[in-house]
2 protein chains.
Amino acid sequence: MDEIKTTDAEVEIAGTGTLGKAMAVLEAVVTAGSPQRFTDIVQSIGQPRGTVHRLLSHLVEEGLLVQGRDLSYEPGLRLLKLAYRSWSGNRFRDIAEPHLLRLHELTGETVHLGVLRETEIIYVDKVESRQTVRMSSQIGKASPAYCTGIGKAALSSLPQPELDRIAAKMTFHPFTAHTHRSAAALLAEIDEIRREGHAFDREEHEAEICCVAAPIAIPEHDLVAGVSVTGPAYRVNMAQLAAWADVVRGAAGKIEEEVRMRLGPGRNGR
Amino acid sequence: MDEIKTTDAEVEIAGTGTLGKAMAVLEAVVTAGSPQRFTDIVQSIGQPRGTVHRLLSHLVEEGLLVQGRDLSYEPGLRLLKLAYRSWSGNRFRDIAEPHLLRLHELTGETVHLGVLRETEIIYVDKVESRQTVRMSSQIGKASPAYCTGIGKAALSSLPQPELDRIAAKMTFHPFTAHTHRSAAALLAEIDEIRREGHAFDREEHEAEICCVAAPIAIPEHDLVAGVSVTGPAYRVNMAQLAAWADVVRGAAGKIEEEVRMRLGPGRNGR
DNA sequence: GATGGAAGTTCCATTATGTGGATCTATGTT
DNA sequence: AACATAGATCCACATAATGGAACTTCCATC
């Protein structure tokens, strides 16, 4: 599904020493989406076999990966456990949730809450339109910021230098005919979003899927996020989305305000 | 909530070198449930300040933790991202899901799927009775095996030496009046569960909550798990649970069979 | 507004730990 | 049986982690 990889681009290793390398290996296995064999991993990491082998053993020993009988590596359960603690204790999500529910009642469509992390939006909550029995399937999902409503909204609330820094790190994959293909195009739209106070996704990430989003920025907690209302293009046309822009901005504003109130000022009240 | 900790028991560091220490720090912060300050962490880890400080910086740099303006540490979003990939690509859960849905239709109560990891059960799926809009709130949650239906069912499918090894590692916290207080009591019940093929939770973990569970064991993939049907004691009495035992065992059997079929034999067909 | 103390950060000589090329072993292919 | 491929192991070497101590910042108290 997410297999966009063209060549085995050797992963950039950060300045976090051993931990960074271990995380690169972990991420390589986890994002692959299918069980990875030793050789696959060695190639995608571009580190010597001995080193990768030891890192893998340690990751398995720690429960972050599991090794099957066919010697392939898969994500381990400890990741789920860690994430549970992370998600269930997330105060931002807790505070936002009632507002998401209200937004869902008002619009009847799917509502997302996502947080910006460098070039990606990570979804931290979702209120679905159809009452599927399944667990909300996208919590923790990461999508590129440049082609999602929440992403562009969140980016629009960054100070220009920070925006430029992040935009420079992006690679513009053309998911649909409407996806931005360059930083310039994105930045131009961001300017407009700043004026309007809300962003649209016009089938830029997935065909037939549109949304309207508004930014939530709490700089004193280094939190840049967004809310969106999403629907299928056949049901939710641009006029409808534009009509919802106000309530979405309103919800974002309320969340922002309440987070400020309940999380308190940061250090030095910055 | 899970604050059972009495004294700051210095965490045991595994033989996984730097990664092990880093994970110990990460886990200390994540399981604390509230933002942890530097000194708190140093104490609960029992490592020198310089070392802990560097580990924390690296964890923050990697996005596994975030540091707030008040200098406290909290779980980072990267954990959610990793877990998403881990959960959404979990073939065991995919295969089990239709069976869970059917079980839910038959009983009308909450159905859980959990996997054993040493002394803990980690929930990987849940089908809820009331259609809450919220994301299923327990995916990734870890509960002790000795006081949950799924836990005891899963344990019952282990070979005796393995069971003994794991039981020896448990600490028996008395959650309710009905919780097992010793390995001996647990092992005695396990014997009975082996004969019956299913396990009950008689308000052993939480008051007023009961369940009936059956084991799913796929040794060729080192997978020991269980399914359960859970309900509030006032609505679901023991007679009702006993009546459901057959369908729960049936579902477990079907899942086991289908997993065997679809995941194929392990190496050497063991 | 000075003083004391606690919390967090930085430094750096020491050495433990991770590194990675080479070698060995097991599996399964022609 | 010989070969090929993938994975595991080894070990001299150098990098990167260690941790005690010094330093800085913040805040409470007088």
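Details
- Yes/no for A:Thr119 being polar (S, T, N, Q) and open to solvent by 30 Å² or more (accessible area, probe 1.4 Å): yes
- Test for A:Arg69: is it among the basic types (Lys, Arg) and either modelled with pLDDT of 90 or more or in a helix (DSSP H, G or I) (or both): no
- Checking the stated criteria, B:Glu74 turns out to be of a type in the set (D, E, K, R), within 16 Å of DNA strand C (Cβ to nearest atom), at the interface with chain A (Cβ under 9 Å from one of its Cβ atoms) and in contact (Cβ under 8 Å) with a residue 40 or more places away in the chain.
- The residue list B:Gly89, B:Gly63, B:Gly50 contains one member that is surrounded by fewer than 20 Cβ atoms within 10 Å (Cβ to Cβ), more than 23 Å from the chain's Cα centre (by Cα), more than 15 Å from DNA strand D (Cβ to nearest atom) and not basic (Lys, Arg), which is B:Gly63.
- Within the stretch B:49-71, being more than 8 Å from DNA strand C (Cβ to nearest atom), touching a strand residue (DSSP E or B) at 6+ places or on another chain (Cβ under 7 Å) and farther than 19 Å from A:Val30 by Cα holds for B:Val60, B:Val66, B:Gly68.
- Enumeration of residues in the stretch B:81-116 that are in contact (Cβ under 8 Å) with a residue 60 or more places away in the chain, small (Gly, Ala, Ser) and assigned to a helix (DSSP H, G or I): B:Ala96
The values are calculated or read from the model by the stated rules, or taken from the named source; none is laboratory data. This is a predicted model, so every value here is computed, not measured. So basically every Cβ, Gly included, is an ideal-geometry build from the backbone, and we count neighbours across all protein chains shown. Each accessible area value is taken on the protein alone, full model and side chains, heavy atoms only, with ligands, DNA and RNA left out. Shrake-Rupley method; radii C 1.70, N 1.55, O 1.52, S 1.80 Å.
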